[in-house]
Amino acid sequence: MQTLRERLRSSDEEIRRMTVTTLSGYTFAEVKEFVYEALGDESWRIRKEALNVLFSWSFTEQIIEDLVGLLRASDNAGQRNSASEALEKLGVQTLPVLCRHLSDNDPDVRKFIIDILGNIGSPDAVPLLIPALRDPDSNVATAAAENLGKIGDERAVEELVKVLDSSDIPLCYTVLEALGCIGRPVPLATITPLADEVLLKKPVIDCIGIVGDVEAIPLLMEGLREKARHVRAAAANAIIRIREDLPAGVAADRVDPYLREMGGTPFAAEFILSLSDTERFLTEPMVKILGLMGDPRAVPVLLEGCRNDHLRRSCLQAFRELGTPGVEALLASYQTANEEHRCYMAYVCGELGIRESVGTLRGAMRDPSHVLRRVAAVAAGKIFEPCLIDDLAALLNDEEIDVRHGAVDSLAALAPVDRESVAAIAGRLAAAEQPEKRRSSATVFAALQDGDRLARLIKDEDANVRKAAVFALAELKSPVSVNHLVLALVDEEPDVRMAAAGALGALGGESAEQALLVALKDQNSWVKCAALRSLGALRVAAAESAIVGLIEETDGLVLISALRTLLDINGERAHQLARNALAHPDKEVVKAAVEILSHTNDSWLDEFRDRLLFHEHWDIRSLFIKALAEHRGVQALPALQEALKCEPDDLVRRQIMDIVDGFA
């Protein structure tokens, strides 16, 4: 025992940790002192190990009492935390002992016990926590309120309401949060008086947003008029939360009129101005409030909000809510707006399909800013006005490639609106000298569903044009396209053949399958891989023998693709061949084999454990460790602990330690 004591107090952390692991070989009575000491070790790893060892014995009431006693270790936070963690993990069996100590003379102990009961989360703890709401120590009473909210049992609501007293602001704050966590409606009269206290306005409003109903809307509207921004934000959150919980008709009748009444008022102007620093103050509920107010003066704020990826969708909806006045304000402010705002104006016009913006977009497509020209070009394809087709055609000669691409995409979008005009433009593109224009014509012909013109492009002198035509034919998903794609499989350029092989996988059919089988003999590895992926996607059983042949004859990327494809066609055969691949000299092949076998049963783990657990490549060891832990769970611990002793890589060591700790 003296040796154990000395090793547990060694300056070497690993010696202390290994010593703790040996304690489970003794009776608890023999090493109790050492276990409790280790629970307070300065190293979190050793404290964690001590907890694991502690749970290897059966728990008695005395052990639970001992753990409660450790909560008094005011000079050792680690020991307190370890004891708390153990008691929480034990769960409801600790309740009788914890109950006896709820009246402990030490308020810190009472608070720890209350926190433990809350983290256990059992409804059985509610009757124990309710009396603690009136504990003479404010911190203890506040902890009781917090943990009753955490448990979420409605039996606590009445008692929580009873202790609401604005003279104890921290307690009231926590009680309001707890009522919100529980979520059961409470009479507004019981909580609204607290809003007279400045420090409680926000928690009162937050609580009302959860436990209140449509009757609370007038009070919350007053919250929007508060000077404090955080109170306004809370009121907006609460209004939107209540509104979105109501049927649409009720929301329109009982909530929206209050907000519409604000529109156009001096207060609305001040409210909108207060949100001008959108980066700090504009939130999704605030955006929704602006839309429901219907005040067009909100346009600049909403445009700023569009800069935020998280707010953009809500800002677009707010623009919809503003209706015609909002559209008029948006377009009227275009001339005086800066470049960035003009871009967002064009974006909004496109997303909302604002046809009144034709003149604005036409001017934007001629703007010196290439960013604005591109945004306007994209927007033009979304408002479906054929009068903009000529403007888009002019952009096909723009000096900036992103503008040209935007124009092509919009012309494709307008194909259903004016097929004749768009087809004429596509024809000119297909006849152009520049390969880029011929490549762009493929996009437009696909939108026109013109397979014949695309078939001609497959014979173009430029490989990129031919590849674009292949992708476009695949989009048509027409059986007629298969023959053209089969011809592309013998193109002189590997990229074209690879694109054709991928496209045939989306179409299928006997001709496609036969052509893909032939493509497995292509000299280019990437083409073979594309053909393999397509055969796997189509589940072509007839390809099995050819795929097995590739597995036996090739290596590298083709071998990996072949194994994965065989998994789609014949899983059992793939698993057999994956076992063989575990001995392959290429580590990428071994990794692929481990990944394939990881999705089977665990029969392979023991056979290949030593080879893979101690493999020369760290990433293979890591993959196998992950598979071992997922399949075997806690039964993997002996093997993992053995591997940890000699693992040289820090990342893999950390992975093993995290897994071991997770099983604790």
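Tabulated data
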read-out: Residues that are within 33 Å of the chain's Cα centre (by Cα) and small (Gly, Ala, Ser), drawn from the range 242-278; value: Ala248, Gly249, Ala251, Ala252, Ser274, Ser276
read-out: So Ile130, is it surrounded by 22 or more Cβ atoms within 10 Å (Cβ to Cβ) and within 16 Å of Val163 (Cβ to Cβ); value: no
read-out: Selection from the range 606-639 of residues that are more than 21 Å from Ala593 (Cβ to Cβ) and either among the small types (Gly, Ala, Ser) or touching a Leu at 6+ places or on another chain (Cβ under 7 Å) (or both); value: Gly633
read-out: Members of the range 23-51 found to be of a type in the set (S, T, N, Q) and either at pLDDT 90 or above or more than 24 Å from Val634 (Cβ to Cβ) (or both), listed by number; value: Thr27, Ser43
read-out: Unmet criterion (only one of (1) surrounded by fewer than 16 Cβ atoms within 10 Å (Cβ to Cβ); (2) modelled with pLDDT of 95 or more; (3) more than 27 Å from Ser410 (Cβ to Cβ)) for Ala519; value: (1)
read-out: Qualifying residue in the range 456-476 (condition: in a loop (DSSP other than H, G, I, E, B) and closer than 26 Å to Arg564 by Cα); value: no
read-out: Residue count, the range 313-339 (criterion: surrounded by 14 or more Cβ atoms within 10 Å (Cβ to Cβ) and either of a type in the set (Gly, Ala, Ser) or free of Cβ contacts under 8 Å to residues at least 24 places away in the same chain (or both)); value: 6
read-out: Identity of the residue in the range 279-312, over 31 Å from the mean Cα position of the chain (by Cα) and farther than 21 Å from Gln335 by Cα, that ends up surrounded by the fewest Cβ atoms within 10 Å (Cβ to Cβ); value: Gly294
read-out: Residue in the range 429-436 that is surrounded by fewer than 22 Cβ atoms within 10 Å (Cβ to Cβ) and of a type in the set (D, E, K, R) present; value: yes
read-out: Qualifying residue in the range 365-374 (condition: closer than 27 Å to Ala415 by Cβ, part of a loop (DSSP other than H, G, I, E, B), basic (Lys, Arg) and at pLDDT 95 or above); value: yes
read-out: Selected residue [surrounded by fewer than 22 Cβ atoms within 10 Å (Cβ to Cβ) and within 22 Å of Leu414 (Cα to Cα)] from Ser478, Ser440; value: Ser478
read-out: Selected residue [touching a residue at least 24 places away in the same chain (Cβ under 8 Å), among the charged types (D, E, K, R) and assigned to a loop (DSSP other than H, G, I, E, B)] from Asp41, Asp108; value: Asp41
read-out: From Phe112, Phe59, Phe55, residue being more than 30 Å from Asp135 (Cα to Cα), surrounded by 15 or more Cβ atoms within 10 Å (Cβ to Cβ) and of a type in the set (Phe, Trp, Tyr); value: Phe59
read-out: Residue check, Glu146 over 26 Å from Ile64 (Cβ atoms) and modelled with pLDDT of 95 or more; value: no
read-out: Qualifying residue in the range 181-191 (condition: in contact with a Ser or Thr (Cβ under 6 Å, 6 or more places away or on another chain) and of a type outside the set (S, T, N, Q)); value: no
read-out: Residue within the range 560-570 that is in contact with a Cys (Cβ under 7 Å, 6 or more places away or on another chain), modelled with pLDDT of 95 or more and over 18 Å from Ala455 (Cα atoms) present; value: yes
read-out: Filter pass, Leu39 being among the aliphatic types (A, V, I, L, M) and over 24 Å from Asp12 (Cα atoms); value: no
read-out: Residues of the range 358-409 classified as among the small types (Gly, Ala, Ser) and surrounded by fewer than 24 Cβ atoms within 10 Å (Cβ to Cβ), total; value: 6
read-out: Looking only at the range 596-646, and only at residues there that are hydroxyl-bearing (Ser, Thr, Tyr) and within 32 Å of the chain's Cα centre (by Cα), the one that is nearest to Met18 (Cα to Cα); value: Ser622
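Listed here are the residues, each with its yes/no results for (1) in contact with a helix residue (DSSP H, G or I) (Cβ under 8 Å, 6 or more places away or on another chain); (2) of a type in the set (A, V, I, L, M, F, W, C).
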| residue | (1), (2) |
| --- | --- |
| Thr3 | no, no |
| Arg17 | yes, no |
| Thr27 | no, no |
| Tyr36 | yes, no |
| Asp41 | yes, no |
| Glu49 | yes, no |
| Val53 | yes, yes |
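Yes/no matrix, rows are residues, columns are (1) among the β-branched types (Val, Ile, Thr); (2) in contact with a Gly (Cβ under 8 Å, 6 or more places away or on another chain); (3) in contact (Cβ under 8 Å) with a residue 40 or more places away in the chain; (4) closer than 19 Å to Thr324 by Cα:
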residue	(1), (2), (3), (4)
Gly223	no, no, no, no
Arg254	no, no, yes, no
Pro285	no, no, yes, no
Leu290	no, no, no, yes
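The values are calculated or read from the model by the stated rules, or taken from the named source; none is laboratory data. The structure presented is a predicted model; accordingly, all values stated were derived computationally and were not measured. Here Cβ is always computed from backbone atoms with ideal geometry, including for glycine, and neighbour counts include all displayed protein chains.
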